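Read the structure below first, then the notes.
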Amino acid sequence: MAVEVNPIRTEADHAAALTEIERLWGAPADSPEGDRFDVLAILVDAYEDVHHPIDPPDPVAAIEFRMDQQGL
């Protein structure tokens with residue numbers, strides 16, 4: 001059975017894909033729903049890499065944050 005999905009090109013497409021992922025959360029891995037979940041997750045990840053990139057933290061700031069979290 002084919003898993004029908006559409007490209008994520010806009011913020012509205014992104015929001016709809018996230019809503020669908022939430023609905024499919026916990027679907028069995030070897031089911032059409034599980035396959036749809038996997039494909040949508042890959043598409044959302046690719047869209048977010050381009051449109052919502054997260055820069056890596058400054059190394060010193062990351063160390064200071066971790067030390068603060070550990071009470072050091």
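Structure notes:
- Candidate set: region 29-44, residues that are surrounded by 10 or more Cβ atoms within 10 Å (Cβ to Cβ) and without any contact (Cβ under 8 Å) to a residue 24 or more places away in the chain; chosen: the one farthest from the chain's Cα centre (by Cα): Ser31
- Residue list for region 54-72, filter: charged (D, E, K, R) and open to solvent by less than 70 Å² (accessible area, probe 1.4 Å): none
- Scanning region 17-32 for residues that are in a helix (DSSP H, G or I) and modelled with pLDDT of 95 or more turns up Ala17, Leu18, Thr19, Glu20, Ile21, Glu22, Arg23, Leu24.
- Of the candidates His14, His51, the single residue that is open to solvent by less than 70 Å² (accessible area, probe 1.4 Å), at pLDDT 95 or above and not small (Gly, Ala, Ser) is His14.
- Residue in region 51-60 that is part of a loop (DSSP other than H, G, I, E, B) and among the hydrophobic types (A, V, I, L, M, F, W, C) present: yes
The values are calculated or read from the model by the stated rules, or taken from the named source; none is laboratory data. If you're wondering where the values come from, they're calculated on a predicted model, not measured in any experiment. Neighbour counts run over all protein chains shown; Cβ positions are idealised from the backbone, glycine included. Accessible surface areas use protein heavy atoms only, side chains included; no ligands, DNA or RNA. Shrake-Rupley method; radii C 1.70, N 1.55, O 1.52, S 1.80 Å.
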